[in-house]
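The values are calculated or read from the model by the stated rules, or taken from the named source; none is laboratory data. These numbers were taken from a predicted model, which means no experiment stands behind them. Because the Cβ atoms are built from the backbone with ideal geometry, glycine has one as well, and the counts that use them run over all protein chains shown.
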Amino acid sequence: MSAAVPKSLAHASIRPVSPAATRRVWLTILGSIATVIGMAASGLAAPVTLYDSIDGLSSNGFDTASNSAWLANQFLTDGDGYTLDTVTITLQEAPVGVSANVRLSLFSNFFDSGAGTDTPLASLGDFTNPGSLGAGDNTFLAGGLPSLAPNSTYWVVLHVAGTGAASNGVAAIGSAKWAYTFGTTGGLVPSDVSTYSADGGGNWFPNSSGSPYMMTVNAFVAVPEPSTYAMGVAGVGAVFIPSILRRLRRQGSESTLA
C-alpha cells in the first residue's frame, strides 16, 4: 500500500525564471564588475609627490656632475608601492656639451650597518632625457623603470655619459650643475640626504654642504596587475551569482493547492 502524496506537493508547480528576473541577475553581475573596474580606475588618479626640494625653495649653490663626478639625492617610499611618473631636477646653468649626454638614473640603496649610512648601490635604469636641458627645472620621464617597493630607499643619480679628455677638472664630454638648497624638503617622506662620487659611482661620500639637491619625485600608487582584477571579477561571480540564482528559483517556485 503506497503512502498518500500530500495534496500540496501533488499540485506543486515550478515556474521558470522570468525574463525580468534574468535581467536583474545580469544587472547585479554587471554592477559588481563595474565596482571592480572602478577600483582599477582609482589607481590611475593624479600622481602624488613622494619627495620635493624645489617648491618654494631657492638654490644656495651647486655641484658639478660629469662622467667621473656623480651626484645623488635620496628619496624614500611610505607603506605603499609606487610606479614612478616623473623626476624634475633644478640645474644652475644649461649643461656644458651635449644635453643628450646627461643621464639621470634610479639607483637602489645600500645601508652600511657599521657606519649607519645609506649610499647608492646599483642602477635600476635611466629616466628619459627630455632632449633639451637648460637652467632651471628640467623634467625627466620614468617610463620603463621598475616599480618602487613600500618602505624602501632609492636614489636619483646625475652623471654624464661618455668619455673624453679632461679640461680644468671637467670632462670634455660635458657637465651639468645640479643646484642644492638649504631649505626644508617636503613630500610624503622628506629626506635631506645627498652624496657624491668622484670615481664614476665606485665610492660615495657625504656632500660637504650637507644639503639636498633640488628635485621633485612624482609617482602613482601602484596598480595591481590586470590578472588581479580578473580574479576579482571571478570572485564576485563565484560569491554572488549562485546566491542570486537560488533566490530567484525560490521566488519562481510556487505551490498551489488543488
Suppose we filter the stretch 178-209 for residues that are outside any loop (DSSP other than H, G, I, E, B) and either surrounded by 15 or more Cβ atoms within 10 Å (Cβ to Cβ) or of a type in the set (A, V, I, L, M, F, W, C) (or both); how many remain? 9
When the stretch 40-99 is checked residue by residue, the ones that are among the hydrophobic types (A, V, I, L, M, F, W, C) and either at positive phi or part of a loop (DSSP other than H, G, I, E, B) (or both) are LEU44, ALA45, ALA46, ILE54, LEU57, ALA69, ALA94, VAL98
State whether the residues of the stretch 212-225 include one that is at pLDDT below 65 and either surrounded by fewer than 20 Cβ atoms within 10 Å (Cβ to Cβ) or in a loop (DSSP other than H, G, I, E, B) (or both). yes
With respect to THR119, is the statement that it is hydroxyl-bearing (Ser, Thr, Tyr), closer than 18 Å to SER53 by Cβ and part of a strand (DSSP E or B) true? no
Could you check PRO146 against (1) without any contact (Cβ under 8 Å) to a residue 60 or more places away in the chain; (2) buried (at least 16 other Cβ atoms within 10 Å of the Cβ) and say which number it fails? (2)
Residue check for LEU84: assigned by TED's automatic domain parsing to the domain that holds SER66 and either closer than 12 Å to ASN138 by Cα or touching a Gly at 6+ places or on another chain (Cβ under 7 Å) (or both): no
Can you find a residue that is farther than 21 Å from VAL221 by Cβ, assigned by TED's automatic domain parsing to the domain that holds ALA179 and loosely packed, with under 13 Cβ neighbours inside 10 Å anywhere in the stretch 101-110? no
Would you tally the residues in the stretch 111-131 being within 20 Å of SER191 (Cα to Cα), among the polar types (S, T, N, Q) and buried (at least 16 other Cβ atoms within 10 Å of the Cβ)? 1
